[in-house]
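Engineer: So that we are looking at the same thing, I have put the structure below in structure tokens.
The values are calculated or read from the model by the stated rules, or taken from the named source; none is laboratory data. What you are looking at is a predicted structure, and each value in this text was computed from that prediction instead of being measured. Using ideal geometry, Cβ is built from the backbone for each residue, glycine included, and neighbour counts are taken over all protein chains shown. Note: accessible area is taken over every heavy atom of the protein model, side chains too, but ligands, DNA and RNA are not part of it. Shrake-Rupley method; radii C 1.70, N 1.55, O 1.52, S 1.80 Å.
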Amino acid sequence: LVLFSASDRGDSNSEFTIKLTTAGVIDIIIQDAGSATLELTASTGLDDDAWHHFAFGSSASSNTLYIDGASVTPTYSTGSASTQAWLSNIADLDTMRIGAKVQSDVLSSHWEGSLDDVRYYSSYQLTAANAEFLYDNFRGVTGGTSAGSTDLTGHWTFDALSAETAGKSVAFNGSDNE
């Protein structure tokens, strides 16, 4: 079940995908033309019928993963903590989705559940303090500061979704739910 994806619509082997596995853990994969650059799985299970906050970042020196404000050490099946991989690693990137993925021009792997407050930062350095700020914000705790948050590229609150649009993927340009 896909939480977020970015891909080359015409290529079934190029993607950046964040998904929840059948075992209830987060799995992240970045591959281009069938060659995986990075694949990691969180060690913390999320299949407990409770809301969770999830944050992932990649910088020149590390990948960082937080669940409910706490740092999580993932298991790497491809790459390592120092592998630099992000959306720019996918050639011909032309589509991004929340709640599904598009490969070979087919929409699939629909999310089954609720999502709220999805954010994308273009160059946000995800530090422990920033992850804690975002988690506190998610829980409704106000105050504090979040350094580097001015590069917010996309923010989807899902506050205005109706029964007509619920259960459909959201296009990154904010139009044409499919």
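Engineer: Please check which bits of the range 37-70 a label hung off Thr21 would reach, taking the label as a point 7 Å along Cα-to-C-beta and the cut-off as backbone N under 17 Å.
Structural biologist: From the range 37-70, the list is 37-48, 65-67.
Engineer: Okay, next question. With all protein chains present, how much of the accessible area of the range 1-81 (probe radius 1.4 Å) comes from carbon and sulfur, to the nearest whole percent? Don't skip to the answer; put the middle values down first.
Structural biologist: Details: 1630 of 3460 Å².
Looking at the range 1-81 in its full context, I get 47 percent from C and S.
Engineer: Then there is this: What does the accessible area per residue of the range 1-123 come to in Å², with a 1.4 Å probe and no ligands, DNA or RNA counted? Intermediate values should be presented prior to the final figure.
Structural biologist: Numbers: 5670 Å² over 123 residues.
Roughly 46 Å² per residue, with all protein chains present.
Engineer: With a 1.4 Å probe and all protein chains kept in place, how much accessible area does Thr37 have, in Å² rounded to the nearest 10?
Structural biologist: My reading of the accessible area for Thr37 is about 40 Å².
Engineer: How far apart, in nm, are the 7 Å Cα→Cβ label points at Ser12 and Ser108?
Structural biologist: Here the modelled spin labels are 0.6 nm apart.
Engineer: Next up: Provide, for q = 0.11, 0.16, 0.19, 0.25 Å⁻¹, the log10 of I(q)/I(0) from a solvent-free Debye sum over equal Cα point scatterers in the range 1-106.
Structural biologist: Ignoring solvent entirely, the Cα scatterers give -0.32, -0.68, -0.95, -1.43.
Engineer: Next up: To the nearest 10 Å², what's Ser58's accessible area with a 1.4 Å probe?
Structural biologist: Here the accessible area works out near 40 Å².
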